[in-house]
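One structure below.
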Amino acid sequence: MFSNKAIQEILLNFNESFKEHREDTSAVLLTSENHLWLGSDETSTIERLSIIDTSNFSQQKQYQVTNFINLPAESEKEIDIEGLAYSNYYLWFVGSHSYKRKKPKLDKSDIKNVERLATIETEPNRYILGRIPLVDGELFSSCPHPQDSTQQLSAAKLELTPTGNVLIDALNQDPHLGAFIKAQIPGKDNGFDIEGIEVQENRVFLGLRGPVLRGWAVMLEIELEAASTGVLKLAQVGETLYKKHFLYLNGLGIRDICRYGNDLLILAGPTMDLDGPVQVYKLPNGFNLQENVLHRPEVILDIPYGNRDDHAEGITLFEQVLGKPSLLVVYDSPSKTKRVVGDTGVLADVFEL
């Protein structure tokens, strides 16, 4: 059973060139080499931090995704990475697949800000769902499988289309999700927005921040297979190209998902521009769910949140570092007075399992 209070703070220390984006963390993953992998919702890079001790990670190494996977737009355009996962020597990552609405700005007139609120856009890089070989703590475009030299590991992405990718195309006619996609509803307006990924072999689970349907969040399950060099396609799962799982999270959307044995832990938060509530749920036997079933996972933790800051965005198991069952939580928009440390540091929280 979780405690509702963090048992430890972890200092994440980045390079000087990344200090601005330390406040944009949107995904986290701890791997067996005690590396922390992080994604930002404002970049097209993946960051790696190395353990210094049980309270500190630093020695940042940055990986440009475009060095491993061809992006549909220039690398300066964000992927909006919202989830990271690891399976069978691959690091998986997913962009938000969302539309966005421009925000009002203090230096703009009311007329200009009203115009901004009417401006909706998306970016091609947001529709990347990809995998990169991860062996001995390093990423590779291609390399032999460590346990089978006859098998080659290769970076790849889900097949792109003019409207995003083949998953978006498949969902366009979905009775629950299609209307939100076709209407181009922004993610923070309860529109379609992917914010979590977990992987088991060729099965990929995607948590949706939105839409939340009459209080029910949605998790998608797809299966992927190689289509050609560097390209993945959707495999048939049952009668369609995807499965839907409906989760009651007290009206919240999914912010991240994380393997916990045979179960899934779900970080849940508001779909709209709100601070909280933020909770963690446990979904029993989460990798073997019957589709089109209403599930009611158990809430096991209330995560603290701030006033326009400290928005929990990513979770990863932390037991191998502390030696006891625990969960690391990272925050977007961290409190400048409580979490931002010096010129390059930011604090994450650990909760006991």
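Determine which residues of segment 19-47 fall in the zone a paramagnetic label at D343 would reach in this model, i.e. backbone nitrogen under 16 Å from the point 7 Å along Cα→Cβ. Only 19-22 pass the distance filter. Subtracting the Cα-Cα distance of T119 and A179 from 0.36 nm times their residue separation leaves 19.7 nm of extension gain.
Checked against a 26 Å cut-off, the cross-linked pairs K108/K338; K182/K282; K19/K100 give Cα-Cα distances beyond that limit for K108/K338; K182/K282. For R116, the shell of other residues with beta-carbons less than 13 Å away shows a net charge of +3, using +1 for Lys and Arg and -1 for Asp and Glu. Each DSSP beta bridge with both residues in the chain is either parallel or antiparallel, and the antiparallel ones are about 95%. Tally Lys/Arg at +1 and Asp/Glu at -1 over every other residue whose Cβ is under 13 Å from the Cβ of T54; what's the total? Within the 13 Å Cβ shell, the charges total -2.
DSSP beta bridges confined to segment 1-90 are antiparallel in about 90 percent of cases.
Sequence-ordered 3J(HN,Hα) estimates for segment 300-314 from the Karplus curve with 6.51, -1.76 and 1.60 and θ = phi - 60° stand at 10, 7, 9, 8, x, 9, x, 9, 6, 7, 6, 9, 4, 10, x Hz, glycine and proline given as x. Over all other residues within a Cβ to Cβ distance under 12 Å of N250, the charged ones net out to -1, with Lys and Arg as +1 and Asp and Glu as -1.
Database remark: amide H of L301 closer than 5 angstrom to the amide H of V280 (H placed geometrically; neighbours at sequence offset of 5 or more, or on other chains; Pro and chain starts carry no H).
On the basis of the beta-carbon distance and an R0 of 30 Å, T150 and N262 show a calculated FRET efficiency of 0.45. A straight chain from E9 to N172 at 0.36 nm per residue would run longer than the Cα-Cα distance by 54.4 nm. Sparse packing (at most 12 other Cβ atoms within 10 Å of the Cβ) combined with a DSSP loop state is found for the following GluC sites (Glu not before Pro) in segment 76-128: E76. Amide H contacts of A73 (H built 1.01 Å from N, in plane; Pro and chain starts excluded): N125 sit under 5 Å, all sequence-distant by 5 or more or on other chains. Derived scalar couplings between HN and Hα for segment 23-32 equal 9, 10, 4, 10, 7, 8, 8, 9, 10, 5 Hz in order, rounded to whole Hz, by the Karplus curve 6.51 cos²θ - 1.76 cosθ + 1.60 (θ = phi - 60°), x for Gly and Pro.
Across the chain, the fraction of Cα-Cα pairs farther apart than 35 Å, rounded to a whole number, is 17%.
Report, in whole Å, the centroid distance computed from the Cα atoms of segment 299-325 and segment 34-113. Segment 299-325 and segment 34-113 have Cα centres spaced 19 Å from each other. A simple spin-label model places pseudo-atoms 7 Å from Cα toward Cβ; at S333 and S141 they are separated by 3.9 nm.
Readers should treat all values here as calculations from the given coordinates under stated rules, not as data from a laboratory. These numbers were taken from a predicted model, which means no experiment stands behind them. Methodologically, a virtual Cβ is constructed for each residue, glycine included, from the backbone with ideal geometry; neighbour enumeration extends over all protein chains shown.
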